[in-house]
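Input: a single structure, listed below in structure tokens.
The values are calculated or read from the model by the stated rules, or taken from the named source; none is laboratory data. Since the model is a prediction, treat every value here as computed from it, not as a measurement. With ideal geometry, Cβ positions are generated from the backbone for all residues, glycine too; neighbour counts draw on all protein chains shown. In case anyone asks, the SASA skips ligands and DNA or RNA and just uses the protein heavy atoms, side chains included. Shrake-Rupley method; radii C 1.70, N 1.55, O 1.52, S 1.80 Å.
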Amino acid sequence: MGLEAVNVTVEVHIVHGVNLHFSGLADAAVRESIDRIRAALSNSGFKYPVGEITINMAPADIKKEGSGYDLPLAIAILAADNKVEQGLLREYMMVGELGLDGRLLPIRGALPIAIKARALKYRGLIVPRQNTREAAVVNNLEVYGMDTLLDVIHFINGSQEYQPTIVNTRQEFFAQQNQFDADFSDVRGQENVKRALEVAAAGGHNLIMIGPPGSGKSMLAKRLPSILPPLSLSESLETTQIHSIAGKLSRDTSLISQRPFRSPHHTLSQVALVGGGTNPQPGEISLAHNGVLFMDELPEFQRSVLEVMRQPLEDRHITVSRAKYSIDYPASFMFVASMNPCPCGYYGDPNHKCVCTPGQIQRYMNKISGPLLDRIDIQCEIQAVPFTELSKMAPGEPSAAIRERVIKARNIQTERFSKLPSPSGGVGGRPHCNAQMTERMLHEFAEPDAASLDMLRMAMERLKLSARAYSRILKVARTIADLAGSEKVEAVHIGEAIGYRNLDRGDWAERGV
């Protein structure tokens, strides 16, 4: 339920008769498990008991879904038929799907189940072999990965010895933190865009890139995780839980050590974005938790899909409420988007002629609502680099060098916000980066001096900037000052921040046409 596992106790009672009774709100997949269990027992050398079998799954008022109950159901039936010793059953939690030949097949959510087993003081957890490393991340819990039902029976009866799996969590976590497939050294030119991405990474700001096709928007966005600060161990555990519940972890993964990068297609639905469904699952915004959600060709997404992001972008969590359940998922992510400047894609491109009218450009831009654009701090225009210049340019600055500056700026922010009192209520606690500052914090930490205030006033009047741009400019300016190691927000920082608000200009659609 959300990120929490719920302990379910399987009880089996066998008397003379021929019927099978299920109680405890078991769905079709759980009821079908009897056919799998019957075949698995037969192929493991055991006979399915003859009699009237009553199965109860407590607590009985919670609906039981999925195939992970196969293993505990099979063991409970054997225990009720006196084929399995009952001494160890109260000390171990178990979960797994059964194949007809008795093999154990992987399940979703092994990590939160292991966390629950430790919280309930169980001695150990029995899972399919494929889920072993995922569950073994939890310390102070014996985790046994089994291949077949027969292995579990031998373990419970004590007829064979098995060794628990031990994972050196910290060693594996830190060994994989700096391994990236994409690096900013591959990018030639585009220095202004790389600077904007550095500022966004340093302050946790949302960002949108506007430029013609082939200008490198997607290429730059995919390299953003390589300059973000590394995950902490607690962030990694929380992120791994979400991916475990969604079934997105690979077989050999124990902990996610790099910030996730999610890039959904523009045909995704509201449920796929925010989560939920008949069997509740986290959506893309939760899978991007502690990482980046990248939406390429933003205007191609359905407007209704984009609008549901407004509240998670502000609150950094999503509450999915339906008639039968209400679930909270974390959703603290950097939102990065890219788009063409017009329907044909070449508005403002010096090498191609735009065939769109100002009205068409305005309608195209209006596909993105003002409230959503209000939550995007940095708006960056990008132009394609000509081949003649591209071939002459040297490789760009590596991600490692940019990342050092980003980490230094984040450390400044962490120290600054650590002095704030702990919140008495609400969601999210203290801010972790400048993008999360409230209006009161802006007055305390990003108050511009007189010269900066004059520059900001002049820019808002001459460039027809909207009122919502004011606080966004101050947040970005605070981050630019942190990157420069400046304690105060100065005019040069304000000037750069103003340059990142192009879409707020009242004459944007008419410019250059």
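List of remarks:
- Candidates PRO350, PRO343, filtered to the one that is open to solvent by 40 Å² or more (accessible area, probe 1.4 Å) and in contact with a helix residue (DSSP H, G or I) (Cβ under 8 Å, 6 or more places away or on another chain): PRO343
- Residue count for segment 458-498 satisfying the condition of being basic (Lys, Arg), in a helix (DSSP H, G or I) and open to solvent by 10 Å² or more (accessible area, probe 1.4 Å): 3.
- Selection count, segment 61-103, where residues are without any contact (Cβ under 8 Å) to a residue 40 or more places away in the chain and crowded, with 23+ Cβ neighbours inside 10 Å: 2
- Filtering segment 166-179 for residues that are farther than 30 Å from ASP252 by Cβ, loosely packed, with under 14 Cβ neighbours inside 10 Å and at pLDDT below 90 leaves an empty set.
- Segment 137-229 holds helices (runs of 4 or more DSSP H) entirely within its bounds, and those carrying 2 or more residues that are under 30 Å from ALA39 (Cβ atoms) map to 149-157.
- Criterion (under 16 Å from ILE210 (Cβ atoms), open to solvent by 60 Å² or more (accessible area, probe 1.4 Å) and more than 14 Å from the chain's Cα centre (by Cα)) met by exactly one of GLN360, GLN302, GLN311: GLN360
- Residues within segment 118-154 that are open to solvent by less than 50 Å² (accessible area, probe 1.4 Å), of a type in the set (A, V, I, L, M, F, W, C) and without any contact (Cβ under 8 Å) to a residue 60 or more places away in the chain, tallied: 8
- Set LEU88, LEU78: member being at pLDDT 95 or above and not in a strand (DSSP E or B): LEU78
- Filtered residue count, segment 261-283, keeping only those that are open to solvent by less than 30 Å² (accessible area, probe 1.4 Å), over 18 Å from SER369 (Cα atoms) and part of a helix (DSSP H, G or I): 1
- When residues in segment 1-51 are screened for being touching a strand residue (DSSP E or B) at 6+ places or on another chain (Cβ under 9 Å), among the polar types (S, T, N, Q) and assigned to a helix (DSSP H, G or I), 1 of them pass.
Every residue, every condition in (1) loosely packed, with under 13 Cβ neighbours inside 10 Å; (2) modelled with pLDDT of 95 or more; (3) of a type in the set (Lys, Arg), yes or no:
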site: VAL12; (1), (2), (3): no, yes, no
site: VAL18; (1), (2), (3): yes, no, no
site: PHE22; (1), (2), (3): no, no, no
site: LEU25; (1), (2), (3): no, no, no
site: ALA28; (1), (2), (3): yes, no, no
site: GLU32; (1), (2), (3): no, no, no
site: ALA40; (1), (2), (3): no, yes, no
site: TYR48; (1), (2), (3): no, no, no
site: THR54; (1), (2), (3): no, yes, no
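- Test: residue in segment 296-308 that is free of Cβ contacts under 8 Å to residues at least 60 places away in the same chain, touching a Ser or Thr at 6+ places or on another chain (Cβ under 7 Å) and more than 26 Å from LEU224 (Cβ to Cβ): no
- The lone exception for PHE184 - which of (1) modelled with pLDDT of 85 or more; (2) under 30 Å from GLY124 (Cα atoms); (3) aromatic (Phe, Trp, Tyr) it fails: (2)
- Test: residue in segment 275-292 that is without any contact (Cβ under 8 Å) to a residue 40 or more places away in the chain and aliphatic (A, V, I, L, M): no
- Counting only residues that are of a type in the set (A, V, I, L, M) and open to solvent by 10 Å² or more (accessible area, probe 1.4 Å), segment 104-117 holds 4 of them.
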